[in-house]
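Comments concern the structure below.
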Amino acid sequence: MTKALQPKTRVNTENMVDTGKYSFCMGCPAEGCKSCVEGAKVVLFVTGLCPRRCFYCPVSEHKFGTDDVYADEWKLSKDPAQADQELLEECRLIEAKGAGITGGDPLATLAKTTHYIQYEILR
Ligand code: SF4
């Protein structure tokens with residue numbers, strides 16, 4: 001078995017956040033990095049639309065080119081009001097402290113992206 005196929009060892013993130021030793025380059029990680037390590041950050045995939053076609057694109061085939069929104073792996077409703085409620089529910093479930101916006105290209109759907117930036121995710 002190659003090293004790449006071996007199961008990952010579960011990391012003690014609590015200790016990593018306490019010591020700040022999970023960042024090789026920085027001794028004092030950003031708040032967003034801490035939330036990510038703790039599993040308390042929503043990955044908000046605002047769109048799969050993107051005008052580019054990078055050969056290394058990590059976006060999955062079923063997401064790329066669609067204008068769907070995902071909160072982590074939860075595909076949100078097309079109805080904006082319903083989608084906002086689903087996003088809040090995902091935030092509640094993971095006890096989110098923040099969110100990272102990604103895509104696709106979030107600038108390809110600027111109005112939707114700015115809606116989520118302005119939205120009070122953590123009420
Ligand atoms: S989503 Fe990012 S990596 Fe993928 S094609 Fe667009 S710019 Fe490139």
Among residues of the stretch 35-67, those that are charged (D, E, K, R) and within 17 Å of Cys91 (Cβ to Cβ), counted: 2
Exclusive hit being assigned to a loop (DSSP other than H, G, I, E, B), touching a Cys at 6+ places or on another chain (Cβ under 9 Å) and closer than 15 Å to Thr113 by Cβ, set Cys50, Cys57: Cys50
Hits in the stretch 32-82 - residues which are within 17 Å of the chain's Cα centre (by Cα), among the small types (Gly, Ala, Ser) and at pLDDT below 95: Gly32, Ser35, Gly39, Ala40
Residue count for the stretch 50-72, restricted to those that are within 9 Å of the ligand (Cβ to nearest atom) and touching a residue at least 40 places away in the same chain (Cβ under 8 Å): 5
Count of residues meeting criterion [surrounded by fewer than 17 Cβ atoms within 10 Å (Cβ to Cβ), within 16 Å of the ligand (Cβ to nearest atom) and among the hydrophobic types (A, V, I, L, M, F, W, C)] in the stretch 73-123: 3
All positions within the stretch 69-123 that are among the hydroxyl-bearing types (Ser, Thr, Tyr) and part of a loop (DSSP other than H, G, I, E, B): Ser77, Tyr119
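The values are calculated or read from the model by the stated rules, or taken from the named source; none is laboratory data. Note that this is a predicted model, so its numbers are computed, not measured. Every residue, glycine among them, receives a Cβ derived from its backbone with ideal geometry; neighbour counts consider all protein chains shown.
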